[in-house]
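Remarks on the structure that follows.
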């Protein structure tokens with residue numbers, strides 16, 4: 001199995017030569033669509049079996065519609081989710097990004113919850129994220145740290161994963177304990193981002209990653225969409241919402257601790273180019289479609 005981006009996916013096994021043998025690789029996993037087996041010598045392969053490996057999470061929801069295409073899409077999404085549940089939200093099993101990038105899981109934070117019981121999984125990963133925090137409040141854009149430096153400054157689109165996942169745990173599971181545990185760390189991150197902002201705008205970050213181009217290809221870094229737009233607009237509401245709806249609730253947290261006032265100011269005005277992302281950013285997110293029937297069992301609160 002040849003992996004992408006220099007991700008070596010080759011297992012080598014030397015037979016003992018003492019009758020039938022059964023072998024399975026340990027302490028590793030592979031992302032693949034096809035597998036190739038090469039045998040040197042006169043050994044005979046009796047059976048080759050692929051095993052699905054993921055964290056053991058209970059299913060909490062199901063989806064059925066009258067549209068077979070939608071059902072198939074949901075089935076494929078389920079497999080994508082399952083492949084990412086590897087103790088951390090693994091980014092990509094088929095290439096050298098088998099790490100827990102922040103940002104990506106934020107887009108589908110609710111989708112995971114509608115399908116799986118995410119409490120323990122999320123609480124563990126939030127601890128991994130908190131462990132990366134520096135004294136100045138900066139957090140890494142991937143957690144846990146294990147293969148290279150993952151500190152890139154004020155990347156709000158990535159670092160906002162921390163408060164957004166905390167909010168989702170409270171909103172869907174009533175988990176106030178996790179808010180108390182992470183309050184100081186989140187506050188430090190907010191101060192860090194506030195210090196990095198100029199007139200409430202943050203210009204650092206990867207921006208519109210793999211931005212679509214007119215010739216049909218994508219660009220690693222944006223050529224048309226300003227970084228200030230994606231770094232500031234996308235996650236600004238998350239901080240404001242958090243401050244208004246529960247971090248400011250003294251009864252809930254039992255705290256009167258201060259919060260950076262800069263993130264309470266509404267973001268007024270917009271700037272845009274002809275880039276697709278610049279246009280999409282100002283479109284209000286639609287409500288969920290009413291014609292889809294979703295059966296979901298909500299897990300109970302773990303703490304209060």
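Laboratory data are not the source of any read-out in this text; all were calculated from the coordinates shown. Keep in mind that what you see is a predicted model, and the values were worked out from it rather than measured. Here the Cβ is made from the backbone with ideal geometry for all residues, glycine too, and neighbour counts use every protein chain on show.
At a glance:
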| quantity | calculated |
| --- | --- |
| Order of 116, 220, 151 under a 10 Å beta carbon neighbour criterion, fewest first | 220, 151, 116 |
| Neighbour-count order for 122, 98, fewest beta carbons within 10 angstrom listed first | 98, 122 |
| Mean separation of Cα contacts under 8 Å (6+ apart) over length of the stretch 64-122, as relative contact order % | 19 percent |
| Cα extents of the stretch 177-225 along the three principal axes, largest first (Å) | 49, 28, 11 |
| Alpha carbon centroid spacing (whole Å) that separates the stretch 143-191 from the stretch 1-76 | 33 Å |
| Ranked 18, 97, criterion: other C-beta atoms within 10 Å, fewest first | 18, 97 |
